[in-house]
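Quick notes on the structure that follows.
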């Protein structure tokens, strides 16, 4: 069976950044963030960080009237897992490195001072993922009836800029496939005399050449059906 990638969405409160004390202080505060990891074109989910990847975070504050607060001269401090990352006047945006020993979640906090009714604070729990790879086999129930079949590699959350930066190794029924020209896909020619119901086992290994421990594997079984 092909591996199914399950991506758990970030809670709405974390995405929007609504603080519990927003009504008391008459301010709304939220933090927008993004991770510098790879996801396939067309992926609509949140691109997640992994250990050792870079992240960018930006804090915003609005009054409850909807007026955006100018933060350029206000003191802003950032904390990661309760340790000060950076701080200073107008420090609205930061770029930081996810620790190599990061667990499943990061605790990121932004504190904006100098407001009329006290500090505005937003704390987020950011999920830390692991690199993954999925074999995209576009066949209902993984059954195909033509003499040619093609599948694609879909990597997620590797520390790469493009798919070509990733080392991909395909195997069919345990045999290594030489696929240097187009490693992102695998095309298989099937003998038309192949018996109905024959299983074709595909495995895929992905390795970032620049990251010794940055790898993932996936497997899929296709059934030839006349």
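Each reported figure results from applying straightforward, stated rules to the coordinates on display, with no laboratory input. Because the structure is a prediction, the values reported are computed rather than measured. When we count neighbours, we look across all protein chains shown, and the Cβ atoms used for this are built from the backbone with ideal geometry, even at glycine.
Some points to look at:
- With both labels modelled 7 Å from their Cα along Cα-to-Cβ, the residue 212 to residue 116 distance reads 5.7 nm.
- Relative contact order (%) - the chain, alpha-carbon pairs under 8 angstrom, separation at least six: 19
- With helices as the sole contributors, the chain gives -500 deg cm²/dmol at 222 nm; each DSSP H run of n ≥ 4 counts as -39500 (n - 2.57), and the sum is divided by every residue.
- The eigenvalues of the Cα gyration tensor, multiplied by 5 and square-rooted, give the stretch 12-127 an equivalent ellipsoid with semi-axes of 26, 16, 12 Å from largest to smallest.
- Full-extension gain in nm, residue 43 to residue 139, via 0.36 nm per residue minus C-alpha separation: 32.6 nm
- From largest to smallest, the equivalent ellipsoid semi-axes obtained for the stretch 141-218 from the alpha-carbon gyration tensor read 28, 11, 11 Å.
- On the principal axes of its alpha carbon atoms, the chain extends 79, 34, 25 Å, with the longest extent given first.
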